[in-house]
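The values are calculated or read from the model by the stated rules, or taken from the named source; none is laboratory data. Keep in mind it's a predicted model, so treat the numbers as computed, not measured. Cβ coordinates were reconstructed from backbone atoms using ideal geometry, including for glycine residues, and neighbour counts include every protein chain displayed.
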Amino acid sequence: MPGFSHFTPALFDFLDTLALHNTREWFTEHKARYEADVRGPALDFVRAVGERLAEAESFLVADDRKMGGSLMRIY
């Protein structure tokens with residue numbers, strides 16, 4: 001898929017650590033890491049899949065907006 005190759009171990013490490021420290025305070029302190037390791041790659045994935053979805057089915061849409069798109073909020 002153009003623009004996306006794979007999710008890195010950093011994404012899964014962040015999610016594992018978040019499960020241990022699932023508080024607003026911890027997340028606020030680590031939000032930059034979330035943006036770089038989770039949200040950024042996930043939006044790259046949505047964009048890449050969106051290109052393929054448009055070819056396959058016109059009613060399937062991948063929306064890469066940060067708010068209100070295909071990627072759900074982490075909260």
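Where in region 3-75 are the helices (runs of 4 or more DSSP H), entirely inside, with at least 1 residues that are surrounded by 16 or more Cβ atoms within 10 Å (Cβ to Cβ)? Step through it out loud before you land on a result.
On the way: elements: 9-20, 24-29, 31-34, 40-56.
Of the helices (runs of 4 or more DSSP H) lying wholly inside region 3-75, those with at least 1 residues that are surrounded by 16 or more Cβ atoms within 10 Å (Cβ to Cβ) span 9-20, 31-34, 40-56.
In the set (1) at pLDDT 90 or above; (2) out of contact with any Leu (no Cβ under 9 Å at 6 or more places or on another chain), residue 2 fails one condition alone, (1). For the residues 35, 29, the requirement of being more than 22 Å from residue 64 (Cβ to Cβ) and acidic (Asp, Glu) singles out 29.
In region 3-32, what residues are in contact with a helix residue (DSSP H, G or I) (Cβ under 6 Å, 6 or more places away or on another chain) and on the phi < 0 side of the Ramachandran plot? Once the filter is applied, which keeps residues that are in contact with a helix residue (DSSP H, G or I) (Cβ under 6 Å, 6 or more places away or on another chain) and on the phi < 0 side of the Ramachandran plot, region 3-32 yields 4, 7, 10, 11, 14.
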